[in-house]
Amino acid sequence: MAFAASLARWNRDLSVAITELGSERFFPAIIKAICREVPVDYSQIWLYHTELPPQCIYHEIPDSAVASQVDLYLEGPYQDDPFYRLSMGQARGRFYRLHELYDGDLESSNYYTRYYRETATEDEVIFLGRLVDGGVINISLMRKNGHGRFSDDEHDFLKALSAPVSALLRSHSQVAEFSKRYMLGPDIGEVIDHAFRMFGASMLSPREKSVLELMLRGYSSQASADKLGIALETLRRHRKSIYRKLDVSSQADLFSLFIATLPY
């Protein structure tokens, strides 16, 4: 009976999400449908594309945790994220668990020491939706330290939902408004190259533009400083100046502004 009630509830919640395809209410609806069945502490939805930096397009994270969950990730650790690598590679599945990808040895990884330890999370799973243009949307579901990992039953239940969730992510991405907003299309490479040259050109110095482009291309602070042949502290001063001139306060805000200006 418990399974039948859960299935009936899921079907009702899923039908609500389907009616919201193409609207800003879709992501909250699909997250609500999933989290009504399995307890989750942090949920994030990421858009990955080979021509763009990762973008967190929706999340349900407390303000106090955004810096460690999102901003720090965009500083460069995403390049070590196995979910990101799967998304940019030839992933064939639609549901993955972080600890399974590390075979139980997550804590000794570079990804853990650079980023994951700071998130204070114990377990994470994702739904992966591959898009028509080669991009990927991931729904990430995380459990905080002390709240326990996803049980085998919860894992199996979520995995059973992966086919409809993945299909809905793909359908949502094909709605004209979403595609236009996130610049999903075959000519995106040309658009991005032009955007890198023009973004902030009227407000930034030549050195700041060089720093900005490396930030947008996903270079870490140290890697950017090495590539430009300047001290790390000098690079940080340039970054502060860029934030001030573009009126943003974090790398996540910077990426969002960059994406928003692409159509222009």
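The values are calculated or read from the model by the stated rules, or taken from the named source; none is laboratory data. The model shown is predicted, which means the values in this text are computed figures rather than measured ones. Methodologically, a virtual Cβ is constructed for each residue, glycine included, from the backbone with ideal geometry; neighbour enumeration extends over all protein chains shown. Side chains included, ligands, DNA and RNA excluded: accessible areas come from the protein's heavy atoms. Shrake-Rupley method; radii C 1.70, N 1.55, O 1.52, S 1.80 Å.
Points worth noting:
- Filter result (over 17 Å from residue 99 (Cα atoms) and either of a type outside the set (Gly, Ala, Ser) or crowded, with 17+ Cβ neighbours inside 10 Å (or both)) within segment 125-137: 129, 130, 131, 132, 133, 135, 136, 137
- Flag for residue 66 being within 14 Å of residue 251 (Cα to Cα), touching a residue at least 40 places away in the same chain (Cβ under 8 Å) and open to solvent by less than 10 Å² (accessible area, probe 1.4 Å): no
- Taken over segment 156-174, the residue count meeting the criterion of being open to solvent by 20 Å² or more (accessible area, probe 1.4 Å) and touching a strand residue (DSSP E or B) at 6+ places or on another chain (Cβ under 7 Å) is 2.
- Selection count where residues are farther than 12 Å from residue 95 by Cβ and of a type in the set (A, V, I, L, M, F, W, C), scope segment 130-162: 5
- Selection count, segment 138-174, where residues are small (Gly, Ala, Ser), touching a residue at least 60 places away in the same chain (Cβ under 8 Å) and assigned to a helix (DSSP H, G or I): 4
- Test result for residue 256, open to solvent by less than 70 Å² (accessible area, probe 1.4 Å), closer than 23 Å to residue 81 by Cβ, of a type in the set (Gly, Ala, Ser) and touching a residue at least 60 places away in the same chain (Cβ under 8 Å): yes
- Evaluating residue 17 against the criteria (1) assigned to a helix (DSSP H, G or I); (2) surrounded by fewer than 18 Cβ atoms within 10 Å (Cβ to Cβ); (3) not β-branched (Val, Ile, Thr) leaves one unmet condition, (2).
- Candidates in segment 193-240 are the residues that are among the hydroxyl-bearing types (Ser, Thr, Tyr) and within 26 Å of the chain's Cα centre (by Cα); of these, the one that is most open to solvent (accessible area, probe 1.4 Å) is 219.
- Odd one out for residue 130, checked against (1) modelled with pLDDT under 90; (2) more than 24 Å from residue 48 (Cα to Cα): (2)
- Residue match in segment 40-53 (condition: in contact with a strand residue (DSSP E or B) (Cβ under 6 Å, 6 or more places away or on another chain) and open to solvent by 40 Å² or more (accessible area, probe 1.4 Å)): yes
- Evaluated against (1) at pLDDT 90 or above; (2) assigned to a helix (DSSP H, G or I); (3) open to solvent by 10 Å² or more (accessible area, probe 1.4 Å), residue 33 falls short on exactly one condition, (3).
- Considered as a group, the residues in segment 52-91 that are outside any helix (DSSP H, G or I) and of a type in the set (A, V, I, L, M, F, W, C) include one that is modelled with the highest pLDDT, and that residue is 61.
- Here residue 58 meets the list (1) without any contact (Cβ under 8 Å) to a residue 60 or more places away in the chain; (2) under 16 Å from residue 251 (Cβ atoms); (3) open to solvent by 10 Å² or more (accessible area, probe 1.4 Å); (4) touching a Phe, Trp or Tyr at 6+ places or on another chain (Cβ under 7 Å) almost entirely, failing just condition (2).
- Looking only at residues in segment 143-154 that are open to solvent by 20 Å² or more (accessible area, probe 1.4 Å) and of a type outside the set (Gly, Ala, Ser), the one that is nearest to the chain's Cα centre (by Cα) is 144.
- Checked against the criterion of being out of contact with any helix residue (DSSP H, G or I) (no Cβ under 6 Å at 6 or more places or on another chain), outside any helix (DSSP H, G or I) and closer than 13 Å to residue 34 by Cα, segment 111-123 contains not a single residue that satisfies it.
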